[in-house]
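Every read-out reported here was derived from the displayed coordinates using simple, explicitly stated rules and does not represent laboratory data. In this text, all values refer to a predicted model and were calculated from it rather than measured experimentally. Cβ atoms come from the backbone with ideal geometry, glycine included; neighbour counts cover every protein chain shown.
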Amino acid sequence: MTSSPLSTLGDETARALAAIEAADELGALDESHATLVGRRSAFVALQRSLGTLAPEERGAAGATLQEARRRVEEAFAARRALLESRERQRRLDADRLDLGDVVVAQVPWRLTLGHPSLVASTQRELEDVFVAMGFKVADGPEVESDWYNFEALNIPPAHPARGMWDTFYVDLGEPETVVLRTHTSPTQIHLMEAAVAGGTLPVHSVMPGRCYRRDTPDARHLAAFHQVEGLVVDRDITFADLAGVIETFTKAYFGEDIDARLRPAYFPFTEPSAEFEITCTICRGAGCRTCSQTGWIELGGCGMLDPAVFDAVGIDPEEWSGFAFGFGIDRCAQMRYQIADMRALIENDVRFLEQFS
């Protein structure tokens, strides 16, 4: 009789929990993340083995595996918080000063309360719009493996499409290539993997977050910027559904007088692909420096999910279909508040910031 692929799950879970409990240093704990709950952990190997089960058994087995992994991740997070607290207290004790003889002078200026940045408040507004449209909000890590950032998105090593992203590579001493994510699309892969393992398809989610590219800052680009990714995986999804979501969002967020349009484009992880643009809110379509005299501003890219992406996460493209879209939160703020140069968002000019307090 063939043993269950999860026969070692209890032992692996106990081993991981014991290793986490035994970690006394924050650095050592962080270094063990990949082997305890990351891509080199036993949980990943066990998840891959679920394919050997009969289809009717996979849902329950996947749920059991995810519950075990959740326990380990929670234990890891709790232990890390404890060690981080200890390290913080140690530094505070080392830096403690005796301020008993210090006379506090009267502050010669008025102190004011801070407020969320324009990008942060824009992100919250975008989340509210999409939640009202029936989406859930999710997030993902900013430091990703090459597999999540590129390969699972149908961009294999040395593929010419990698030239579309000027990537920051991170040297963590890992055998696998690690990057600062160039887009929020890797979170799609995390969500679809979790949905397959937990049997929770379909997926209707948006995923906001910070991204990084080696771009030269100009009126419309920053090296560290923010995107919001949208993902829908369901039965009988068509390009018309995607176009409807883009149009509904544009009207809801920018106003009824702002239009959206789609034009053909290429992205390795969608087919067909499109870029979507909106009427320039600064010149209202007349043409200006910000929109390069075109009257339109590119907001992001979109398209129907390529079957190769479904294959990477174990979803049957004959049964399921879906679309994805992504656009810049910084650019939404720029268009919503008619900011001619995006670099104003990072210059910390108080005169600019106080306009949005």
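Here are the numbers for this structure:
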{"quantity": "Signed unit charges on C-beta, dipole axis of region 229-286, positive-most listed residue A286, I237, L262", "calculated": "A286"}
{"quantity": "Paramagnetic reach from A252 in region 273-309 [backbone N under 13 Å; point 7 Å along Cα→Cβ]", "calculated": "none"}
{"quantity": "Net lengthening on full extension, R263/A54 (0.36 nm per residue, minus Cα-Cα)", "calculated": "70.9 nm"}
{"quantity": "Cβ-based exposure ranking for M335, M133, in which fewest neighbours within 10 Å come first", "calculated": "M133, M335"}
{"quantity": "Cut-off 13 Å between beta-carbons: net charge of the residues surrounding R40, Lys and Arg +1, Asp and Glu -1", "calculated": "-2"}
{"quantity": "Cysteines not pairable in the chain (beta carbon separation under 4.7 Å absent)", "calculated": "C211, C302, C332"}
{"quantity": "Local electrostatic count at E25 - Lys and Arg +1, Asp and Glu -1, tallied over other residues with Cβ under 12 Å", "calculated": "-1"}
{"quantity": "Helix-only [θ]222 nm of the chain, DSSP H runs n ≥ 4, -39500 (n - 2.57) each, per residue, nearest 500", "calculated": "-12000 deg cm²/dmol"}
{"quantity": "Theoretical FRET efficiency, 1/(1+(r/R0)^6), r = Cβ-Cβ of R80 and T8, R0 35 Å, to 0.05", "calculated": "0.85"}
{"quantity": "Selected from R284, R181, R331 as most flexible by GNM, with the chain as the system and alpha-carbon contacts under 10 Å", "calculated": "R284"}
{"quantity": "Förster radius 45 Å - calculated FRET efficiency between F352 and H33 (Cβ-Cβ, nearest 0.05)", "calculated": "0.70"}
{"quantity": "GluC sites (Glu not before Pro) within region 20-84: DSSP coil, no more than 15 neighbouring Cβ in 10 Å", "calculated": "E25"}
{"quantity": "From phi via Karplus (6.51, -1.76, 1.60), per-residue ³J(HN,Hα) for region 194-201 in Hz, x at Gly/Pro", "calculated": "5, 5, 5, 5, x, x, 10, 4"}
{"quantity": "Label-point separation in nm, E318 to A223, each point 7 Å along Cα→Cβ", "calculated": "4.9"}
{"quantity": "Lys, Arg +1 and Asp, Glu -1 on Cβ, resulting dipole of region 127-257 about Cα centre, debye, nearest 20", "calculated": "100"}
{"quantity": "Cut-off 19 Å (backbone N to label point 7 Å along Cα→Cβ of D241), residues of region 136-160", "calculated": "136-138"}
